[in-house]
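Trainee: Below is the structure I would like to discuss, written out as structure tokens.
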Amino acid sequence: MKTKNGLIAMFLLLITFVAFGCKAKPITMTFAKTEYEIGLGDELTLTPELENTTADMLEYFIEDDKIVSIENNVVKGLKIGSTTVTVNVKEHLDITATLSFEVKEVVISVDKNYVSVGKTRKINLKVNGSSGYSAEWTSSNTATATIDATGTVTGVAVGTTTITAKVGEVEESMEMNVLAVDTVAPELKIDLTKTTQDVIINYNEKFNPLQNIIATDNRDGDIIDRVQVEGGVNTVLTGEYVLTYTLEDEDGNKAEPLVRKITVVWDYDITFIGHAGCYSGMMNTEDAFIKAATVHGYQAIECDLKQTKDGVFVTCHDDVFGKVSIPQTNWNDLKDVETSVTRGGITYTSKICTLERYLEICKQYNVTAVIELKDSKGITNSDQSRMPQLMDLIKKVDMLDNVIFLTSQYNCLIWTRNNGYKDIPCQYLVNSIASDTFYQRCIDYDLDISFNIEYDTNTQEWIDKYHAAGKKISCWTFSQYKTVQDLQKYINMGVDFVTCDQLKPFQPDLTKRDKHSLR
């Protein structure tokens, strides 16, 4: 019989045996990697190495469950982005791992899913909606087509292949066909049911050179995007423009070139005159004259006429240019003088312009030269002795048929009429046309009239009276400070000429004086 102390000793021995002889095995959880890429909408099964536990004992704690979901150890990409996931073994919080997931969307696309033998086509790659990524490109059938590291496919032989782009762990595939080389030329023509071969458009009218152009290919269908147009049309500069259309398909077949003539016309009963050139430059200078014709699109350009000491005709409003007296300075001493002026916040620097150069510009751009005869030696009401020399210069530049004289020196206009120049339009420059004397002078000497818009006496009644006598009426000057309403008022009253500093910002409603419906 065992004693009590003996029983206690045996119990302690049993506990010691259990504790040291039956020790629990350790639990481990190991992932081959901790960073993963997954495609949007794709699934990825996690396969960690586990000891003394099972996959159903794993718990996943997702930082952003809008990016991925995890169920039965399967990760699904829900939204483009990145998140982290903490993995624990149930009831063993000390056994943990942290994983990161990036959900990507890889999209490959191509404008056409075929390429001809010997030709190339670029595959477009976007990752998460952005370009600029690189991929591992493969072709399932390199005997049919190959693809390089830039995603450019080269056709090798007629057939079909699968092109695959791999970005990280994310893949995207598409089918690509390789076709025989096309030898049929595309067709390039005008839809003559909607327009004509040659076109006439009005000043500042919108013009799309590809409108009503038909470009088709037997393989690609509509290929209007491959049409090349040589030449251009400036719709604020009247004249003729030639456009040449060419077309070549992807296999190098060319259509017959197409040539069209586009004519821009001023189809209104009103003429806009650029005041001393235009506001985009120093008054009466070469730069201002050229911009008036090419940028602002005036149909006529006005200049102010002065003379140097040795009789050279120049364009300037005053007797002084760059602090130098024009009437007291010979041309050789004046021609290199420069001066500057700031208009509209822009500073312009220029030299004085000769009348001859001004006339050459008007001739080059087919605009009417409006020469205001300012008071100068031999061009006054009391002395017209320099008028013959002026006419000789205009003849020299061949502008007699496209010039208008404008002046308050009415005897110079009468001299023009009395010396065989009956076809040159002459505008009598006044402040107000509301004068029987002015009216009768215009009747007697076949003069038109030009009035100052600052005078309210220039009424509709007087405008109608001059028009009834067959006289044309001009008004001046709409400066950059005037509004479109100021300009429109006189357009609606029926004036024939409008002189202004800058035409385009006004955007007047010219349809109120339209001769013909716009094309």
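Trainee: Among Thr34, Thr53, Asn128, which residue has its Cα furthest toward the positive end of the charge dipole of the range 24-144, with +1 on Lys/Arg Cβ and -1 on Asp/Glu Cβ?
Mentor: Asn128
Trainee: Ok, one more. Here are some pairs, Lys194/Lys489; Lys309/Lys482; Lys395/Lys471; Lys261/Lys351; which of them have Cα atoms lying more than 29 Å apart in this structure?
Mentor: Numbers: Lys194/Lys489 37 Å; Lys309/Lys482 37 Å; Lys395/Lys471 26 Å; Lys261/Lys351 38 Å.
Beyond 29 Å between Cα atoms: Lys194/Lys489; Lys309/Lys482; Lys261/Lys351.
Trainee: Using a basic spin-label model with each label point 7 Å from the Cα along Cα→Cβ, how many nm lie between Asn218 and Asn204?
Mentor: Between Asn218 and Asn204, the simple spin-label model gives 4.9 nm.
Trainee: Any idea what the dipole of the range 271-513 comes to, in debye rounded to 20, about its Cα centre with Lys/Arg Cβ at +1 and Asp/Glu Cβ at -1?
Mentor: 240 debye
Trainee: Towards the positive end of the charge dipole of the range 106-179, with charges on Cβ (+1 Lys, Arg; -1 Asp, Glu), say which of Ser139, Thr162, Val178 has the farthest Cα.
Mentor: Among Ser139, Thr162, Val178, the one farthest towards the positive end of the dipole of the range 106-179 is Val178.
Trainee: Now a separate question. Restricting to the chain, what percent of DSSP beta bridges are antiparallel, rounded to 5?
Mentor: On the way: 80 of 122 bridges.
Among the beta bridges of the chain, antiparallel pairing accounts for roughly 65 percent.
Trainee: Taking the structure as given and computing percent of Cα pairs over 46 Å apart, which label from (1) 29; (2) 12; (3) 51 fits?
Mentor: (3)
Trainee: Then there's this: Say the cut-off is 30 Å between C-alpha atoms; which of Lys119/Lys189; Lys306/Lys472; Lys126/Lys254; Lys79/Lys166; Lys112/Lys189 go over it?
Mentor: With Cα atoms farther than 30 Å apart: Lys126/Lys254.
Trainee: Whole angstrom only: what separates the Cα centroid of the range 242-291 from the Cα centroid of the range 120-138?
Mentor: About 42 Å separates the Cα centre of the range 242-291 from the one of the range 120-138.
Trainee: 7 Å from Cα along Cα→Cβ at both Glu59 and Lys33: what's the point-to-point distance in nm?
Mentor: Rounded to a tenth, the inter-label distance reads 2.9 nm.
Trainee: Explain nothing, just the number: dipole magnitude of the chain about its Cα centre with +1 on each Lys and Arg Cβ and -1 on each Asp and Glu Cβ, in debye rounded to the nearest 20.
Mentor: I would put it at about 620 debye.
Trainee: Quick check: pseudo-label points 7 Å beyond the Cα along Cα→Cβ at Lys189 and Met174, how many nm apart are they?
Mentor: Computed distance between label sites Lys189 and Met174 equals 3.3 nm.
Trainee: While we're on this one: Just how large is the dipole of the range 187-265 about the Cα centre, in debye to the nearest 20, putting +1 at every Lys and Arg Cβ and -1 at every Asp and Glu Cβ?
Mentor: With Lys and Arg at +1 and Asp and Glu at -1, about 420 debye.
Trainee: Between Asn381 and Asp436, 0.36 nm times their residue separation minus their Cα-Cα distance comes to what?
Mentor: The span from Asn381 to Asp436 would gain 17.8 nm if fully extended.
We did not get these values from a lab; they are worked out from the coordinates using the rules stated. In this text, all values refer to a predicted model and were calculated from it rather than measured experimentally. Note that we place each Cβ from the backbone using ideal geometry, even for glycine, and neighbour counts take in every protein chain shown.
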